[in-house]
Amino acid sequence: MTIATAHRPSPETRRTFDRLSVESFATRAEMGAAAAADIAAALTERLANQTEVRMVFAAAPSQADMLKALCAVPGIDWGRVTAFHMDEYIGLSPSSPARFANWLDEHVFAKLPFAAVHRITPEPDASAEVRRYSGLLNEAPIDFVCLGIGVNGHIAFNDPPVADFNDPLDVKIVELDDICRQQQVDDDCFSDLASVPNEAITLTVPRLLRADRMFCVVPGAVKRDAVSKTLYGPLTTECPASVLRFHAACTLYIDKDSDPDA
């Protein structure tokens, strides 16, 4: 445990909103390091008590600081960790750097010796992939989800028009809204809006919430409004992340730029 937590930065503030723990840091780097330390500590504890850990990762520039710090933590037995990711575009070339599986390969999947990495592969039949991935997820409980929040309040690709807190599905095909698609351009993942796919495969909100523990990393001024609505707004699919306030064990990590009270 001491290995994972030795260099954890302290937050400037800690608050609680319903059941959601919120930690605000002075810098994006400190936020990422603290989140990574907490994830590493949780992994270490869980691996001491069970043979395997299963976790889901988000692919987004907002996660890069946390993933870099997590990859640098020594002493974790990644050979007993199975990795998933939470969404993937439909219609991109398998070699596209904007593809989420490829982004995660670069930042975490190819850097650590996981027991297995389950990538979402929409080709050649996205509907068949939805069924396959649902089956893989349901082979055993998901221990941890590492996620972010979109500028429209989405979690995974559950944008406001398609988010369903009572979704009967675990994985589904969704149409992306224009705010979400523009975010991908603003994040420098695509050159223009026309290049961003219109559809994606995503884990649903209930599927994400069934994880034992959630670590939500949300830096940057462009996310401040979404964080404000998550914390202070009503529970509504107009801001899907608002549901995080009611998960039994979720921590939201923000920096001074994304903190609506900073």
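The values are calculated or read from the model by the stated rules, or taken from the named source; none is laboratory data. No experiment lies behind these values; they were computed from the predicted model shown. Quick reminder, even Gly has a Cβ in these numbers, built from the backbone with ideal geometry, and neighbours come from all protein chains shown. Just the protein is used for accessible areas: all its heavy atoms, side chains included, with ligands, DNA and RNA removed. Shrake-Rupley method; radii C 1.70, N 1.55, O 1.52, S 1.80 Å.
Looking at the range 48-57, can you tell me whether even one residue there is of a type in the set (Lys, Arg) and either farther than 15 Å from residue 213 by Cβ or open to solvent by less than 10 Å² (accessible area, probe 1.4 Å) (or both)? No: the range 48-57 contains no residue that is of a type in the set (Lys, Arg) and either farther than 15 Å from residue 213 by Cβ or open to solvent by less than 10 Å² (accessible area, probe 1.4 Å) (or both). Taking the range 38-105 and the strands (runs of 3 or more DSSP E) fully enclosed by it, no element has 2 or more residues that are at positive phi.
When residues of the range 81-95 are filtered for being more than 16 Å from the chain's Cα centre (by Cα) and crowded, with 16+ Cβ neighbours inside 10 Å, how many remain? Within the range 81-95, residues that are more than 16 Å from the chain's Cα centre (by Cα) and crowded, with 16+ Cβ neighbours inside 10 Å number 3. Suppose we keep only residues that are open to solvent by less than 40 Å² (accessible area, probe 1.4 Å) and in a helix (DSSP H, G or I) within the range 106-127. Which one would you say is farthest from residue 83 (Cα to Cα)? Result: 126.
Within the range 185-200, the only residue that satisfies the criterion of being open to solvent by less than 20 Å² (accessible area, probe 1.4 Å) and either modelled with pLDDT under 90 or touching a helix residue (DSSP H, G or I) at 6+ places or on another chain (Cβ under 6 Å) (or both) is 196.
Which one is most open to solvent (accessible area, probe 1.4 Å) among residues in the range 1-32 that are closer than 23 Å to residue 150 by Cβ and small (Gly, Ala, Ser)? Among residues in the range 1-32 that are closer than 23 Å to residue 150 by Cβ and small (Gly, Ala, Ser), the one most open to solvent (accessible area, probe 1.4 Å) is 29. Of all residues in the range 191-222, those satisfying the criterion of being in a helix (DSSP H, G or I) and within 15 Å of the chain's Cα centre (by Cα) are 205, 206, 207, 208, 209. Go over the candidates 167, 188 one by one and state the one that is within 22 Å of residue 135 (Cβ to Cβ) and part of a loop (DSSP other than H, G, I, E, B). Only one candidate passes the filter, namely 167. A count restricted to the range 64-83 and to residues that are under 13 Å from residue 7 (Cα atoms) and without any contact (Cβ under 8 Å) to a residue 60 or more places away in the chain stands at 3. Scanning the range 58-77 for residues that are of a type outside the set (A, V, I, L, M, F, W, C) and open to solvent by 30 Å² or more (accessible area, probe 1.4 Å), we see that the one that is nearest to residue 220 (Cα to Cα) is 61.
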